[in-house]
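Take a look at the structure below.
The values are calculated or read from the model by the stated rules, or taken from the named source; none is laboratory data. Every value quoted in this text rests on a predicted model; they were computed, and no experiment measured them. All Cβ positions, glycine included, derive from the backbone under ideal geometry; neighbour counts span all protein chains shown. We work out accessible area using only protein heavy atoms, side chains counted, and drop any ligands, DNA or RNA first. Shrake-Rupley method; radii C 1.70, N 1.55, O 1.52, S 1.80 Å.
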Amino acid sequence: MKILVCISAVPDTTSKISLSSNNFVNLDGLTLISGPYEDYALSRAIEIKEADPNNIEIVIFHVGLDSSEPIIRKCLALGADSAVRVNTKANDSFQVAQEIASFVKENSVDLILMGKESIDYNTGLVHQYTASLLGWNHFSPVMNLDISNNSTCNIKVESSVGTVQLSSDLPLVLGCQEPIAEWKIPSMRGIMAARAKNIVLREPQFGFGLAYINDEVNDQQRKGQMFQRENLNELIEIIKKEVRA
């Protein structure tokens, strides 16, 4: 069974953030880390492998430049078997999903794990796009994951009204969050072993899905009016006038 764990490189939450001239985050001098939700996904994959080490393979997948290699090496030190890095800047969710789907179509994978969202843009779209491109079932955010007979996943998914317990056959794409696993810390032995593990460099198959043109914020005159519950009709009349204006 092969598990593909997709990771992102995001600014460390302790970093001092500044904006560049075009209002994007200035990455110069920032410390990058793997996304916390991806850490949960990888930790659960490692736990699954530890329970059946001879039959489980974990592959790290990352879209990013060579500055991300220390992050990938850390994932390998934690227990992943190998890694693939697509040598291009991750610009948008659809571009990343296309690269994941392209790799999976060329390389057999049973389960794709990733975070429910990255902590920089927080779109939570990559797992949805990936599942759609592959035609696989998809669930997020997953709080618990167990696999039986290397063919069926029993999962707990958070919903707007609570949690849902369900099962689904592989293959699957899952977006993960706590408390699916406890974060792992690489051992010295793991760090030494990671140096010999292979990182396959893959050329991008797709260009950027989105291009930044410009942005602007509409100047709004906000009214700080208060209304009593018994006078809601007055509020409705004001809203009607604003809409007509």
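Key figures
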read-out	value
In Å, descending, principal axis extents of the Cα set of the stretch 77-125	28, 25, 21
Per residue, in Å², the accessible surface of the chain once ligands and nucleic acids are set aside, probe 1.4 Å	59
Debye, to nearest 20: dipole size of the chain, +1 on Lys, Arg Cβ, -1 on Asp, Glu Cβ	160
Accessible area of the stretch 33-93 belonging to carbon and sulfur atoms, whole % at 1.4 Å probe	45
Convex hull volume of the stretch 18-144 per residue (C-alpha atoms, cubic angstrom)	118
Dipole magnitude of the stretch 15-86 about its Cα centre (Cβ charges: Lys, Arg +1; Asp, Glu -1), debye to nearest 20	240
Under DSSP loop assignment and at most 13 Cβ neighbours within 10 Å, longest GluC sites (Glu not before Pro)-free interval of the chain	1-181
Residue pairs, from the table Lys2/Lys89; Lys2/Lys105; Lys74/Lys184; Lys105/Lys156, whose Cα atoms sit over 21 Å apart	Lys2/Lys89; Lys105/Lys156
Fraction of antiparallel bridges per DSSP, the chain only, in percent to nearest 5	40
Label-to-label distance, nm, for residues given as Leu170 and Asn55 (7 Å Cα→Cβ offset)	0.9
Compactness of the chain - radius of gyration and Dmax, Cα, Å	21.8, 72
